[in-house]
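Reviewing the structure listed below.
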Amino acid sequence: MKITNEFKAGILGLTAIVLVVFGYNYIKGSNLFEETREFYVVYDDVKGLSQSSEITISGLKVGSVSGIRFIDYSGKILVTLSIESDFQFSKKSVAKIYGGDFIGGKSMAIVPDYSVSEMAKPGDTLTGQIEDGLIELVNEKLTPLQGKMENALVQIDTMITNINKVFDYETRASLKSSVVHLDQALVSFRNTTEEANTLVKDNKEKFSVTLDNFASSSETLVRITDTIASANIKESITNLTKTLDNLNSVAQGLEKGEGTMGKFLKDENLYDNLEASSKELEQLIQDMKENPKRYVHFSIFGKKSKPYESDED
C-alpha cells in the first residue's frame, strides 16, 4: 500500500496538535500521562503566584498550580492545586504560599496536619496561608530604615544649610587668618624648641654639675634630718613642759597675791601709798627748785645765816 503525501501531512499535523496540547497542559502544570488529584484554596491575595508553580510537601515536589482565577466580584481568588503524588494528608492541612525573591517566583507548600485522622479528598478546599518571602522581609526591614534615612538626610541638609549660613565670607576670611596665625605660632614654637635643645646641649656640663650639687644637698638634708630624728626630742619636750608648768605656778601665785610681786600687784593700799609718796616726792623736788634757800645755806665769809622766812604764798 502506497502512502500518499496527503496522509503523511495529516499524520504530521495530528502529531503537532497533540504536542501543542500536551505542551500547553504541561506549561499549565498538568501532566496528561499521570493521574492527578485536584484541591482548592481561597486567598485574598496570591502575592504574585502563577500557574505551573510547584507544590511541595516536606520539600519534595508533589504537584503544581493548575489554575488561578477570581471567584466573584468580592476579589477572592481560587487557586487549583494539582497533586500528582498519592501521598495522603489530612483535610486540616495548610496550603502555604512562600518564597519569592529577586529571581524566582512564588511557590506553594502543603503543611500536613497529622493530628486529624480525616484525610483530604479530591475537590476539598484547604486552608490557605501566606509566608513572607525575601522581598517582603527586605521591604519590612527597609521601610523603617527608609524613614530614618529620609529624616537623616533632611537633618544633614538642614545642617549644611546652617553651616553655609554661619561660614559666610567674613567667617571664612577669619578662619583663614586664624589658620595663618596658628601656622606662625607653630613655627615659633618649633624655633623655641630648637633653641631650648641648643641651650641644653651647650650647657650640658653645667646642668650635670647642678644636678650633682642638688644630689649632694639632698644627701646633706637627709643627714640633718637623721640627726634631728636621732636627737633626744622627748627629753627636750619634757623639760619644756616642766618650764611651762613652773611659769604657770608663778602666774597663779601672782594672781593670788603671793610673794612680794604678788602683794605689790594685789595690795591696793601699797599702790595708794606709793602713789602718794610719788606725789610728795614730786612736790619736794618742785619746792627745792623754787626755794633752794630752804635747804642749802652757804657763806664765804662765815656770815651767820638768817633764819628762813616763809613766803606769804
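The values are calculated or read from the model by the stated rules, or taken from the named source; none is laboratory data. It should be emphasised that the depicted structure is a prediction, and the values quoted were computed from it without experimental measurement. Please note: Cβ atoms are built from the backbone with ideal geometry, for glycine as well, and neighbour counts cover all protein chains shown.
Of note:
- Verdict on Glu235 being at pLDDT below 85 and either in a helix (DSSP H, G or I) or polar (S, T, N, Q) (or both): yes
- Scoring Asp132 on the criteria (1) at pLDDT 85 or above; (2) more than 37 Å from the chain's Cα centre (by Cα) leaves a single failure, condition (1).
- Residue check: Glu309 meets all listed conditions (1) assigned to a helix (DSSP H, G or I); (2) at pLDDT below 75; (3) acidic (Asp, Glu) but one, namely (1).
- Filtered residue count, the range 268-289, keeping only those that are farther than 22 Å from Lys256 by Cα and either touching a residue at least 24 places away in the same chain (Cβ under 8 Å) or surrounded by 11 or more Cβ atoms within 10 Å (Cβ to Cβ) (or both): 3
- Qualifying residue in the range 17-33 (condition: modelled with pLDDT of 75 or more, of a type outside the set (A, V, I, L, M) and over 58 Å from the mean Cα position of the chain (by Cα)): no
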